[in-house]
Amino acid sequence: MIRRTLAALLSSAALFATGPAVAQETLGFGTANPEQHPLVTRILTPWVEAINAEDPSVLEIQLRNGPMIVNHTNFFDRIQDDVVQMVFGITAFDAGRFPRSLVTTLPFMVQNAEQGALAACLFYEAGGFGDETADIVPLLFVQFPQASLHFQNHPATSMEDMAGMKVMTGSPVVSGLIQAYGGTPLSINVPEMYQALQRGTAEGLVMNFTAFPGFRLNEVTTDHLIAPLGGGLGLVFMMRDRFEALPDAAQEILERHSTCETSRQTGAAIDAWEADALAFVQSDGERRFHTMTDAQVAELVERVGGPIEAAYIERTPGGAEALEIYRQSLDDASAAIAE
(Lines give C-alpha, C1' and ligand atoms only; values in the text may rest on other atoms or scores of the structure.)
Protein backbone atom coordinates (compact mmCIF):
# COMPACT_ATOMS: atom_id res chain seq x y z
CA MET A 1 0.00 0.00 0.00
CA ILE A 2 2.81 2.39 0.93
CA ARG A 3 4.61 1.51 -2.31
CA ARG A 4 1.49 2.21 -4.39
CA THR A 5 0.97 5.55 -2.60
CA LEU A 6 4.62 6.50 -3.13
CA ALA A 7 4.39 5.54 -6.80
CA ALA A 8 1.29 7.67 -7.20
CA LEU A 9 3.00 10.63 -5.58
CA LEU A 10 6.05 10.28 -7.78
CA SER A 11 3.85 10.00 -10.83
CA SER A 12 1.96 13.15 -9.88
CA ALA A 13 5.24 14.99 -9.27
CA ALA A 14 6.50 13.93 -12.69
CA LEU A 15 3.36 15.21 -14.34
CA PHE A 16 3.69 18.51 -12.47
CA ALA A 17 7.34 18.86 -13.43
CA THR A 18 6.61 18.32 -17.11
CA GLY A 19 3.62 20.66 -17.11
CA PRO A 20 3.58 24.18 -18.56
CA ALA A 21 6.57 26.31 -17.52
CA VAL A 22 7.80 29.76 -18.43
CA ALA A 23 10.79 29.40 -20.73
CA GLN A 24 13.69 31.79 -20.24
CA GLU A 25 14.36 34.16 -23.14
CA THR A 26 18.02 34.96 -23.63
CA LEU A 27 18.78 37.98 -25.80
CA GLY A 28 22.24 38.85 -27.08
CA PHE A 29 22.92 42.61 -26.88
CA GLY A 30 25.60 43.96 -29.23
CA THR A 31 26.97 47.20 -27.77
CA ALA A 32 29.58 47.91 -30.51
CA ASN A 33 31.95 49.15 -27.77
CA PRO A 34 34.69 47.52 -25.68
CA GLU A 35 33.71 46.19 -22.28
CA GLN A 36 35.66 48.92 -20.48
CA HIS A 37 34.20 51.80 -22.52
CA PRO A 38 32.26 54.30 -20.35
CA LEU A 39 29.14 53.88 -22.48
CA VAL A 40 29.12 50.21 -21.49
CA THR A 41 30.19 50.61 -17.86
CA ARG A 42 28.19 53.75 -17.02
CA ILE A 43 25.09 53.46 -19.18
CA LEU A 44 24.37 50.10 -20.82
CA THR A 45 25.51 47.65 -18.13
CA PRO A 46 23.43 49.22 -15.30
CA TRP A 47 20.38 49.22 -17.58
CA VAL A 48 20.88 45.54 -18.44
CA GLU A 49 21.52 44.59 -14.82
CA ALA A 50 18.25 46.22 -13.76
CA ILE A 51 16.37 44.21 -16.39
CA ASN A 52 18.11 40.94 -15.52
CA ALA A 53 17.28 41.41 -11.84
CA GLU A 54 13.53 41.37 -12.57
CA ASP A 55 12.98 37.65 -13.19
CA PRO A 56 15.85 35.54 -14.58
CA SER A 57 13.42 32.69 -15.25
CA VAL A 58 11.67 34.89 -17.81
CA LEU A 59 14.32 37.09 -19.42
CA GLU A 60 18.08 37.46 -19.48
CA ILE A 61 20.11 39.87 -21.59
CA GLN A 62 23.71 38.91 -22.33
CA LEU A 63 26.06 41.73 -23.31
CA ARG A 64 28.16 41.19 -26.42
CA ASN A 65 30.81 43.88 -26.17
CA GLY A 66 33.50 44.85 -28.65
CA PRO A 67 33.41 45.50 -32.39
CA MET A 68 33.96 41.91 -33.56
CA ILE A 69 30.27 40.98 -33.50
CA VAL A 70 28.70 44.43 -33.89
CA ASN A 71 30.38 47.71 -34.81
CA HIS A 72 29.30 51.30 -35.39
CA THR A 73 28.55 50.78 -39.08
CA ASN A 74 26.95 47.32 -39.28
CA PHE A 75 24.71 47.40 -36.19
CA PHE A 76 21.46 47.34 -38.17
CA ASP A 77 22.58 44.48 -40.41
CA ARG A 78 23.64 42.41 -37.39
CA ILE A 79 20.30 42.72 -35.64
CA GLN A 80 18.35 42.24 -38.86
CA ASP A 81 20.26 39.00 -39.44
CA ASP A 82 19.58 37.92 -35.81
CA VAL A 83 23.29 37.74 -35.00
CA VAL A 84 22.20 39.62 -31.89
CA GLN A 85 18.66 40.36 -30.77
CA MET A 86 19.30 43.80 -29.27
CA VAL A 87 21.74 46.46 -30.38
CA PHE A 88 23.09 49.93 -29.69
CA GLY A 89 23.70 52.21 -32.65
CA ILE A 90 24.18 55.91 -33.36
CA THR A 91 21.58 56.99 -35.90
CA ALA A 92 23.90 59.47 -37.67
CA PHE A 93 26.18 56.56 -38.60
CA ASP A 94 23.29 55.10 -40.63
CA ALA A 95 21.77 58.39 -41.76
CA GLY A 96 20.21 56.92 -44.87
CA ARG A 97 18.07 54.66 -42.70
CA PHE A 98 17.29 57.26 -40.01
CA PRO A 99 17.12 60.65 -41.79
CA ARG A 100 14.37 62.14 -39.61
CA SER A 101 16.33 61.26 -36.48
CA LEU A 102 19.05 63.70 -37.57
CA VAL A 103 16.89 66.50 -36.18
CA THR A 104 18.44 65.51 -32.83
CA THR A 105 21.90 66.43 -34.19
CA LEU A 106 21.05 70.01 -35.19
CA PRO A 107 23.24 72.63 -33.48
CA PHE A 108 21.90 75.02 -30.84
CA MET A 109 18.75 73.05 -30.02
CA VAL A 110 19.53 70.57 -27.24
CA GLN A 111 20.51 72.14 -23.92
CA ASN A 112 21.86 68.96 -22.33
CA ALA A 113 21.61 65.19 -22.67
CA GLU A 114 18.88 64.86 -20.04
CA GLN A 115 16.57 67.20 -21.95
CA GLY A 116 17.59 65.69 -25.30
CA ALA A 117 17.01 62.07 -24.26
CA LEU A 118 13.56 62.83 -22.90
CA ALA A 119 12.74 64.90 -25.99
CA ALA A 120 13.83 62.07 -28.29
CA CYS A 121 11.48 59.68 -26.51
CA LEU A 122 8.61 62.18 -26.67
CA PHE A 123 9.43 62.76 -30.34
CA TYR A 124 9.09 59.02 -30.93
CA GLU A 125 5.80 58.82 -29.06
CA ALA A 126 4.46 61.73 -31.13
CA GLY A 127 5.29 59.91 -34.39
CA GLY A 128 8.27 62.12 -35.19
CA PHE A 129 10.37 59.25 -36.54
CA GLY A 130 7.71 58.38 -39.10
CA ASP A 131 8.34 55.08 -40.87
CA GLU A 132 11.96 54.92 -39.69
CA THR A 133 10.92 52.89 -36.65
CA ALA A 134 8.26 50.77 -38.37
CA ASP A 135 10.41 47.63 -38.20
CA ILE A 136 12.13 48.28 -34.87
CA VAL A 137 11.16 48.83 -31.24
CA PRO A 138 13.30 51.53 -29.56
CA LEU A 139 14.00 50.59 -25.95
CA LEU A 140 16.33 53.37 -24.83
CA PHE A 141 17.13 56.81 -26.25
CA VAL A 142 20.76 57.73 -25.60
CA GLN A 143 21.27 61.42 -26.34
CA PHE A 144 24.79 62.84 -26.41
CA PRO A 145 25.57 66.45 -25.47
CA GLN A 146 26.41 69.27 -27.87
CA ALA A 147 29.75 68.75 -29.59
CA SER A 148 32.72 71.09 -29.42
CA LEU A 149 35.57 71.85 -31.83
CA HIS A 150 39.01 70.32 -31.25
CA PHE A 151 42.34 70.67 -33.05
CA GLN A 152 45.85 69.32 -32.79
CA ASN A 153 48.41 72.14 -32.50
CA HIS A 154 46.09 74.66 -34.13
CA PRO A 155 44.10 77.46 -32.48
CA ALA A 156 40.48 76.79 -31.56
CA THR A 157 39.22 80.20 -30.50
CA SER A 158 36.40 80.75 -33.02
CA MET A 159 34.59 79.03 -35.87
CA GLU A 160 36.82 80.90 -38.33
CA ASP A 161 39.71 78.70 -37.18
CA MET A 162 38.20 75.88 -39.28
CA ALA A 163 39.11 77.68 -42.52
CA GLY A 164 41.34 75.46 -44.65
CA MET A 165 41.30 72.65 -42.09
CA LYS A 166 40.22 69.03 -42.47
CA VAL A 167 37.69 68.42 -39.72
CA MET A 168 36.07 65.10 -38.85
CA THR A 169 32.44 64.57 -37.92
CA GLY A 170 29.99 61.69 -37.91
CA SER A 171 27.05 64.00 -38.59
CA PRO A 172 25.89 65.14 -42.07
CA VAL A 173 24.39 68.23 -40.40
CA VAL A 174 27.72 69.29 -38.90
CA SER A 175 29.42 68.70 -42.26
CA GLY A 176 27.46 71.64 -43.63
CA LEU A 177 28.48 73.78 -40.69
CA ILE A 178 32.17 72.98 -41.27
CA GLN A 179 31.85 73.90 -44.94
CA ALA A 180 30.15 77.21 -44.03
CA TYR A 181 33.33 78.24 -42.23
CA GLY A 182 35.75 77.16 -44.95
CA GLY A 183 36.69 73.76 -43.58
CA THR A 184 36.69 70.40 -45.32
CA PRO A 185 34.44 67.90 -43.53
CA LEU A 186 35.61 64.30 -43.28
CA SER A 187 33.13 61.56 -42.48
CA ILE A 188 35.12 59.29 -40.16
CA ASN A 189 33.64 57.13 -37.42
CA VAL A 190 34.81 57.61 -33.85
CA PRO A 191 37.02 54.49 -33.57
CA GLU A 192 39.10 55.68 -36.55
CA MET A 193 39.48 59.32 -35.44
CA TYR A 194 42.59 58.74 -33.32
CA GLN A 195 44.59 57.32 -36.22
CA ALA A 196 43.33 59.98 -38.62
CA LEU A 197 44.67 62.72 -36.34
CA GLN A 198 47.85 60.82 -35.61
CA ARG A 199 48.60 60.35 -39.30
CA GLY A 200 47.57 63.83 -40.38
CA THR A 201 44.66 62.59 -42.47
CA ALA A 202 42.57 65.00 -40.40
CA GLU A 203 43.51 68.07 -38.40
CA GLY A 204 40.51 68.45 -36.13
CA LEU A 205 37.16 67.06 -35.12
CA VAL A 206 33.74 68.11 -33.88
CA MET A 207 32.85 65.86 -30.96
CA ASN A 208 31.54 65.96 -27.40
CA PHE A 209 33.93 65.15 -24.58
CA THR A 210 32.34 61.79 -23.72
CA ALA A 211 34.31 60.24 -26.59
CA PHE A 212 37.70 61.40 -25.32
CA PRO A 213 38.59 58.96 -22.50
CA GLY A 214 37.32 55.84 -24.26
CA PHE A 215 38.99 56.60 -27.59
CA ARG A 216 42.02 58.46 -26.14
CA LEU A 217 41.34 61.53 -28.27
CA ASN A 218 43.01 63.68 -25.61
CA GLU A 219 46.32 62.21 -26.77
CA VAL A 220 45.97 63.69 -30.26
CA THR A 221 44.34 67.07 -29.51
CA THR A 222 45.63 70.22 -27.84
CA ASP A 223 43.09 73.00 -28.50
CA HIS A 224 39.38 73.04 -27.71
CA LEU A 225 36.52 75.43 -28.44
CA ILE A 226 33.50 74.63 -26.27
CA ALA A 227 30.52 75.37 -28.49
CA PRO A 228 26.97 74.14 -29.25
CA LEU A 229 27.77 72.36 -32.51
CA GLY A 230 25.16 69.62 -32.46
CA GLY A 231 24.55 66.43 -30.54
CA GLY A 232 24.00 62.83 -31.49
CA LEU A 233 21.39 60.20 -30.80
CA GLY A 234 22.04 56.59 -29.92
CA LEU A 235 19.31 53.97 -29.83
CA VAL A 236 19.02 50.64 -28.08
CA PHE A 237 16.47 48.68 -30.06
CA MET A 238 15.13 45.31 -31.21
CA MET A 239 13.56 44.25 -34.45
CA ARG A 240 9.79 44.57 -34.03
CA ASP A 241 9.00 41.01 -35.09
CA ARG A 242 11.58 39.65 -32.63
CA PHE A 243 10.19 41.75 -29.81
CA GLU A 244 6.61 40.71 -30.54
CA ALA A 245 7.66 37.05 -30.55
CA LEU A 246 8.74 37.33 -26.90
CA PRO A 247 6.41 35.98 -24.23
CA ASP A 248 4.16 38.63 -22.72
CA ALA A 249 6.05 38.48 -19.43
CA ALA A 250 9.36 39.25 -21.17
CA GLN A 251 7.83 42.11 -23.15
CA GLU A 252 6.42 43.58 -19.96
CA ILE A 253 9.83 43.54 -18.30
CA LEU A 254 11.42 45.35 -21.22
CA GLU A 255 8.60 47.88 -21.35
CA ARG A 256 9.05 48.70 -17.66
CA HIS A 257 12.66 49.63 -18.39
CA SER A 258 11.98 51.46 -21.66
CA THR A 259 9.92 54.43 -20.54
CA CYS A 260 10.65 58.06 -21.34
CA GLU A 261 11.61 58.48 -17.70
CA THR A 262 14.26 55.78 -18.14
CA SER A 263 15.69 57.66 -21.12
CA ARG A 264 15.65 60.90 -19.12
CA GLN A 265 17.63 59.25 -16.33
CA THR A 266 20.07 57.91 -18.91
CA GLY A 267 20.51 61.43 -20.27
CA ALA A 268 21.28 62.74 -16.79
CA ALA A 269 23.93 60.02 -16.42
CA ILE A 270 25.46 61.07 -19.74
CA ASP A 271 25.62 64.70 -18.59
CA ALA A 272 27.59 63.50 -15.56
CA TRP A 273 29.84 61.47 -17.87
CA GLU A 274 30.40 64.56 -20.08
CA ALA A 275 31.39 66.64 -17.05
CA ASP A 276 33.81 63.96 -15.87
CA ALA A 277 35.29 63.59 -19.36
CA LEU A 278 35.79 67.35 -19.69
CA ALA A 279 37.56 67.43 -16.32
CA PHE A 280 39.73 64.51 -17.44
CA VAL A 281 40.81 66.33 -20.62
CA GLN A 282 41.39 69.59 -18.73
CA SER A 283 43.74 67.82 -16.34
CA ASP A 284 45.70 66.05 -19.07
CA GLY A 285 48.79 68.13 -19.71
CA GLU A 286 49.15 71.55 -21.26
CA ARG A 287 46.31 72.47 -23.58
CA ARG A 288 44.24 75.49 -24.51
CA PHE A 289 40.50 75.90 -23.89
CA HIS A 290 38.15 78.59 -25.11
CA THR A 291 34.39 78.85 -24.63
CA MET A 292 32.31 80.43 -27.34
CA THR A 293 30.91 83.75 -26.13
CA ASP A 294 27.23 84.65 -26.29
CA ALA A 295 28.04 87.04 -29.13
CA GLN A 296 29.84 84.29 -31.04
CA VAL A 297 26.92 81.91 -30.53
CA ALA A 298 24.46 84.56 -31.73
CA GLU A 299 26.58 85.17 -34.84
CA LEU A 300 26.80 81.44 -35.46
CA VAL A 301 23.02 81.00 -35.19
CA GLU A 302 22.37 83.96 -37.48
CA ARG A 303 24.87 82.76 -40.07
CA VAL A 304 24.13 79.04 -40.28
CA GLY A 305 21.03 78.32 -38.19
CA GLY A 306 18.49 79.03 -40.93
CA PRO A 307 20.42 77.31 -43.75
CA ILE A 308 21.06 74.20 -41.63
CA GLU A 309 17.38 73.83 -40.78
CA ALA A 310 16.42 74.49 -44.41
CA ALA A 311 18.86 71.82 -45.60
CA TYR A 312 17.44 69.34 -43.10
CA ILE A 313 13.91 70.03 -44.28
CA GLU A 314 14.89 69.80 -47.93
CA ARG A 315 16.65 66.45 -47.76
CA THR A 316 14.44 64.76 -45.16
CA PRO A 317 11.06 63.20 -45.99
CA GLY A 318 8.58 65.03 -43.79
CA GLY A 319 11.40 67.20 -42.48
CA ALA A 320 9.29 70.28 -41.75
CA GLU A 321 6.83 68.22 -39.71
CA ALA A 322 9.66 66.42 -37.88
CA LEU A 323 11.33 69.72 -36.98
CA GLU A 324 8.07 71.12 -35.61
CA ILE A 325 7.41 67.98 -33.55
CA TYR A 326 10.96 68.03 -32.22
CA ARG A 327 10.78 71.66 -31.12
CA GLN A 328 7.61 70.86 -29.20
CA SER A 329 9.22 67.76 -27.71
CA LEU A 330 12.15 69.83 -26.46
CA ASP A 331 9.78 72.34 -24.86
CA ASP A 332 7.76 69.53 -23.25
CA ALA A 333 10.95 67.88 -21.99
CA SER A 334 12.20 71.12 -20.45
CA ALA A 335 8.84 71.67 -18.73
CA ALA A 336 8.78 68.11 -17.37
CA ILE A 337 12.32 68.37 -15.99
CA ALA A 338 11.55 71.71 -14.36
CA GLU A 339 8.54 70.30 -12.44
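The values are calculated or read from the model by the stated rules, or taken from the named source; none is laboratory data. All figures in this text were calculated on a predicted structure; none of them were measured in a lab. Don't worry about glycine lacking a Cβ; one is built from the backbone with ideal geometry, like all the others, and counts go over all protein chains shown. When the accessible area is computed, the model is the full protein with side chains, heavy atoms only, and any ligands, DNA or RNA have been set aside. Shrake-Rupley method; radii C 1.70, N 1.55, O 1.52, S 1.80 Å.
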Q | Of Phe151, Phe289, Phe88, the one that fluctuates the most in a GNM where the chain has Cα springs shorter than 10 Å | A | Phe289
Q) Using θ = phi - 60° and the Karplus form 6.51 cos²θ - 1.76 cosθ + 1.60, what ³J(HN,Hα) does each residue of the stretch 175-192 get, whole Hz, x for Gly and Pro? A) 4, x, 5, 4, 4, 4, 10, x, x, 10, x, 10, 8, 10, 6, 3, x, 9
**Q.** Amide H partners (placed H, <5 Å) of Leu140, local residues excluded
**A.** Val236
Q.
Rounding to the nearest 10 and keeping the result within 0 to 90°, find how far the Cα-based axis of helix 2-17 lies from the longest principal axis of the chain.
A. 20
Q: Report the one residue of Thr157, Val167, Leu235 whose Cα lies farthest in the direction of the positive end of the charge dipole of the stretch 131-266 (charges on C-beta: Lys and Arg +1, Asp and Glu -1; origin at the Cα centre).
A: Thr157
(Q) Could you compute Rg(Cα) / (2.2 N^0.38 Å) for the stretch 228-339, with N its residue count? (A) 1.47
Q | Carbon + sulfur, % of accessible area of the stretch 88-220 - ligands and nucleic acids excluded, 1.4 Å | A | 44
Q.
Taking the full set of protein chains and a 1.4 angstrom probe, give the accessible area of Asp331 in square angstrom, rounded to the nearest 10.
A. 100
Q.
Just to make sure I understand: if all protein chains stay in place, what is the order of Glu255, Glu25 by accessible area at 1.4 Å, largest first?
A. Glu255, Glu25
Q) Hey, got the dipole for the stretch 241-333? About the Cα centre, +1 on K and R Cβ, -1 on D and E Cβ, debye to the nearest 20? A) 320
Q. At a probe radius of 1.4 Å, what is the per-residue accessible area of Thr222, in Å² to the nearest 10?
A. 30
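If I take R0 = 25 Å and measure r between the Cβ atoms of Val297 and Gln265 in this structure, what FRET efficiency does the formula 1/(1 + (r/R0)^6) give, to the nearest 0.05? Please list the in-between numbers first.
Numbers: r = 29 Å, r/R0 = 1.14.
The computed FRET efficiency comes out at 0.30.
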Q: Give me the compactness ratio for the chain, meaning the Cα radius of gyration over 2.2 N^0.38 Å.
A: 1.15
(Q) Test of understanding: extend the Cα→C-beta vector of Phe280 to 7 Å, then name every residue of the stretch 215-245 with backbone N under 13 Å from that spot. (A) 215-219
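With a probe of 1.4 Å, find how much accessible area the chain has per residue, and write the answer as a whole number in Å². Present the calculation step by step, with values, prior to reporting the outcome.
Details: 15070 Å² over 339 residues.
Solvent-accessible surface per residue comes out at 44 Å².
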Q. When the Karplus curve 6.51 cos²θ - 1.76 cosθ + 1.60 is applied with θ = phi - 60°, which whole-Hz ³J(HN,Hα) does each residue of the stretch 299-315 get, with x for Gly and Pro?
A. 5, 5, 4, 5, 7, 10, x, x, x, 5, 5, 5, 5, 4, 5, 5, 9
Q | Unit charges at the beta carbon, dipole of the chain: most positive-side option, Leu278, Gly28, Pro185 | A | Gly28
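Please state the relative contact order of the chain as a whole percent: Cα pairs under 8 Å, 6+ residues apart? Present the calculation step by step, with values, prior to reporting the outcome.
Numbers: 604 pairs, mean separation 81.4, N = 339.
Normalised by residue count, the contact order of the chain is 24 percent.
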(Q) Could you compute the net charge surrounding Gln111? Neighbours are other residues with a C-beta less than 15 Å from the C-beta of Gln111; K and R count +1, D and E count -1. (A) -4
Q: Would you calculate the separation in nanometres between label points at Tyr194 and Ala272, each defined as 7 Å from the Cα along the Cα-to-beta-carbon direction?
A: 2.6
**Q.** Amide H partners (placed H, <5 Å) of Glu25, local residues excluded
**A.** Leu59, Glu60
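Quick one: putting +1 on the C-beta of Lys and Arg, -1 on the C-beta of Asp and Glu, what dipole do you get for the chain around its Cα centre, in Debye to the nearest 20? Write out the running numbers ahead of the final one.
Working: 19 positive and 42 negative charges, 180 e Å.
Here the size comes out at about 860 debye.
Stokes-Einstein diffusion coefficient for the stretch 15-131 at 10 °C in a medium of 1.306 mPa s, Rh from the Kirkwood formula over Cα pairs: what value in µm²/s? Mind showing how you got there, number by number?
Numbers: Rh = 16.4 Å.
Here the translational diffusion coefficient equals 97 µm²/s.
Can you figure out the FRET efficiency of Glu160 with Arg287, using R₀ = 25 Å and their beta-carbon distance, to the nearest 0.05?
Between Glu160 and Arg287 the formula returns 0.80.
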(Q) Using protein chains only and a probe of 1.4 angstrom, how many square angstrom of Phe144 are accessible, to the nearest 10? (A) 20
Q) Can you give the Rg and Dmax of the stretch 34-88 based on its C-alpha atoms, in angstrom? A) 11.9, 34
Q | Fraction of antiparallel bridges per DSSP, the chain only, in percent to nearest 5 | A | 50
